[in-house]
Structure formats: structure tokens, C-alpha cells
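Q: For reference, the structure I am asking about is given below.
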């Protein structure tokens with residue numbers, strides 16, 4: 001799933017400077033990592049062999065679903081065939097607006113639509129349970145970031161997917177930005193030599209903060225902003241120098257959004 005950075009939820013607009021700067025150093029190698037965020041080589045392989053587009057389900061009919069559906073509509077090798085959301089009326093409305101032929105209210109109903117892979121666009125705290133159920137149903141999984149709130153959960157999901165022979169990936173769209181792809185090409189070509197140090201300056205406005213949407217998941221606990229925004233720079237560092245072995249997050253400033261609701 002590739003798209004310019006503004007397509008990733010939450011969207012960005014005008015707002016004060018983001019106050020948390022995770023600083024990451026250390027990697028095991030300057031070689032690109034073995035795992036890629038792009039699901040197509042694995043996710044779409046079986047369907048390509050069968051000479052038909054990969055049949056995709058969208059799980060979660062919220063804000064980011066629009067962007068996933070728009071990108072899928074541009075791909076010849078994949079097609080959105082069903083939307084799934086407990087709020088069935090919302091799922092039906094989005095399916096109608098985007099030309100998706102079916103909408104259902106629970107995951108088990110996806111089995112009736114011959115789904116190859118599901119894009120999981122539900123709230124982050126639900127990712128693990130939703131992904132596990134999909135894999136147990138025999139459906140591949142493409143998670144929105146953050147994949148989970150615990151590394152052990154992601155490893156367990158990856159192991160389950162491998163055991164079932166199913167695709168499993170995470171949407172890190174910033175790795176696919178054209179400028180970053182050009183950087184990766186230059187690194188791979190040896191133009192700048194072996195990468196030994198990477199510094200990422202991630203300083204972007206947050207539309208939800210500017211709009212005082214303090215009920216958004218990223219504001220509900222101080223750590224959530226790292227889960228919500230951190231995957232963008234972390235995924236780029238990972239693409240450049242491999243697995244990170246130590247991460248330190250420094251709080252630059254703190255503000256109270258609402259009484260008792262702290263944001264770093």
C-alpha cells in the first residue's frame with residue numbers, strides 16, 4: 001500500500017510543533033532489512049498465479065479506509081470486494097460510495113466472500129485480536145500502523161501467519177515516498193558508502209491537535225503519540241540500517257489538553 005504521506009491517518013494540517021522527538025541509534029547492519037512493509041510480493045502472489053486479482057476486505061470503515069480504497073482502485077492486481085464494520089450502516093454507506101460490492105458486520109462473514117487478505121484499519125488496541133481471528137479464519141492480514149502495542153504480539157502474529165502459510169504485513173507508507181525511495185536506491189548503489197549513522201528530524205503538525213480532537217486515540221495516553229507517529233521515522237531508519245536494538249524517547253515539553261489529560 002503506497003501513497004503520499006498525507007494519506008496516512010491521522011492526516012496532518014496546521015498545528016503547533018510536535019513535542020516528542022524519538023532519537024534512535026544503533027543497528028546490526030547497514031543492509032536493508034529482510035522484511036519489507038510492501039505486501040504485494042507475498043500477499044498477491046497466490047492470486048497472481050491464479051490469474052485473478054487479489055480479493056481484499058477492508059476491516060474498519062473509518063477515516064483511513066477511504067485512502068486504502070482509493071489506492072486499491074488504482075491497482076490491477078487487487079480489488080476490494082467487501083467492507084466489514086460492526087456499524088453495518090456505516091460500512092454499507094462507504095461500500096456504496098466506493099463501489100465495493102458487499103458490506104458485512106463481523107469477520108466470520110468474510111469467509112463467504114473468498115477473501116485473500118484483509119486490511120485491518122480498526123483502532124490500534126484491537127489490531128492483535130482482529131488479526132489473530134482473521135489468520136485463524138485463513139485470511140491474510142495487512143495491518144495499519146501501529147501493528148500492535150507490544151512487540152511480542154507482533155511476533156506471535158507473524159508466527160501464526162507463517163504456520164498457516166498466510167501473508168502478513170504492516171502499512172509503512174513513508175518508506176514508499178518517492179524521495180525516500182530515491183535515497184534507498186542511492187544507498188543500494190553505494191553512492192554514499194556504508195550507512196553508519198542516521199538522524200531523522202520528524203517535525204510535523206497534527207490536525208487533530210489543532211482541531212482539539214482530544215478524544216482521538218493518540219491523545220488518550222501519553223505513550224500513544226509514539227505509537228501513532230513513531231512508526232513513520234522508525235520504518236525509514238529500519239529500511240536504511242536494519243533492525244533497531246535500542247530506542248530512547250525524550251520528552252521535550254508537556255501540556256495539559258484537558259484536566260487530567262497530559263500530552264508530551
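The values are calculated or read from the model by the stated rules, or taken from the named source; none is laboratory data. All of these numbers come straight from a predicted model, not from anything done at the bench. Every residue, glycine among them, receives a Cβ derived from its backbone with ideal geometry; neighbour counts consider all protein chains shown.
Q: Which of the residues spanning region 166-194 are outside any helix (DSSP H, G or I) and either surrounded by 15 or more Cβ atoms within 10 Å (Cβ to Cβ) or within 21 Å of the chain's Cα centre (by Cα) (or both)?
A: Result: 166, 167, 168, 169, 170, 171, 172, 177.
Q: To continue, here is another question. Could you tell me whether residue 99 is surrounded by fewer than 23 Cβ atoms within 10 Å (Cβ to Cβ) and at pLDDT below 95?
A: No, not satisfied.
Q: Looking at residue 216 and the list (1) surrounded by 11 or more Cβ atoms within 10 Å (Cβ to Cβ); (2) free of Cβ contacts under 8 Å to residues at least 60 places away in the same chain; (3) over 27 Å from residue 135 (Cα atoms), which single condition is not satisfied?
A: It is condition (2) that residue 216 fails.
Rundown of residues vs (1) surrounded by fewer than 14 Cβ atoms within 10 Å (Cβ to Cβ); (2) closer than 16 Å to residue 143 by Cα; (3) in contact with a helix residue (DSSP H, G or I) (Cβ under 7 Å, 6 or more places away or on another chain); (4) at pLDDT 95 or above, yes/no style:
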site: 40; (1), (2), (3), (4): no, yes, no, no
site: 44; (1), (2), (3), (4): no, yes, no, no
site: 52; (1), (2), (3), (4): yes, no, no, no
site: 95; (1), (2), (3), (4): no, no, no, yes
site: 105; (1), (2), (3), (4): no, no, yes, yes
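Q: Which of the residues belonging to region 112-126 are under 23 Å from residue 77 (Cα atoms) and either at pLDDT below 95 or touching a helix residue (DSSP H, G or I) at 6+ places or on another chain (Cβ under 6 Å) (or both)?
A: Listed by number, the residues that qualify are 116, 117, 118, 119, 120, 121.
Q: Something else about it: Just to be sure, is residue 234 in contact (Cβ under 8 Å) with a residue 40 or more places away in the chain, under 26 Å from residue 118 (Cα atoms), crowded, with 16+ Cβ neighbours inside 10 Å and under 21 Å from the mean Cα position of the chain (by Cα)?
A: Here the answer is yes, as residue 234 does meet what is asked.
Q: I've got another one for you. Being within 19 Å of residue 235 (Cα to Cα) and in a helix (DSSP H, G or I) is the filter; apply it to region 128-155 and report the residue that is modelled with the lowest pLDDT.
A: 151
Q: To continue, here is another question. Name the single residue, out of those in region 163-180 being without any contact (Cβ under 8 Å) to a residue 60 or more places away in the chain and out of contact with any strand residue (DSSP E or B) (no Cβ under 8 Å at 6 or more places or on another chain), that is farthest from residue 117 (Cα to Cα).
A: 179
Q: Being within 17 Å of the chain's Cα centre (by Cα) and either at pLDDT 95 or above or exposed (fewer than 15 other Cβ atoms within 10 Å of the Cβ) (or both) is the requirement here; does residue 158 meet it?
A: Yes; evaluated as a whole, the condition is true for this residue.
Q: To continue, here is another question. Of the residues 144, 109, 133, which is within 25 Å of residue 73 (Cα to Cα) and without any contact (Cβ under 8 Å) to a residue 40 or more places away in the chain?
A: 109
Q: Take the conditions part of a helix (DSSP H, G or I), on the phi < 0 side of the Ramachandran plot, touching a residue at least 12 places away in the same chain (Cβ under 8 Å) and surrounded by 22 or more Cβ atoms within 10 Å (Cβ to Cβ) and apply them to residue 119. Does it pass?
A: no
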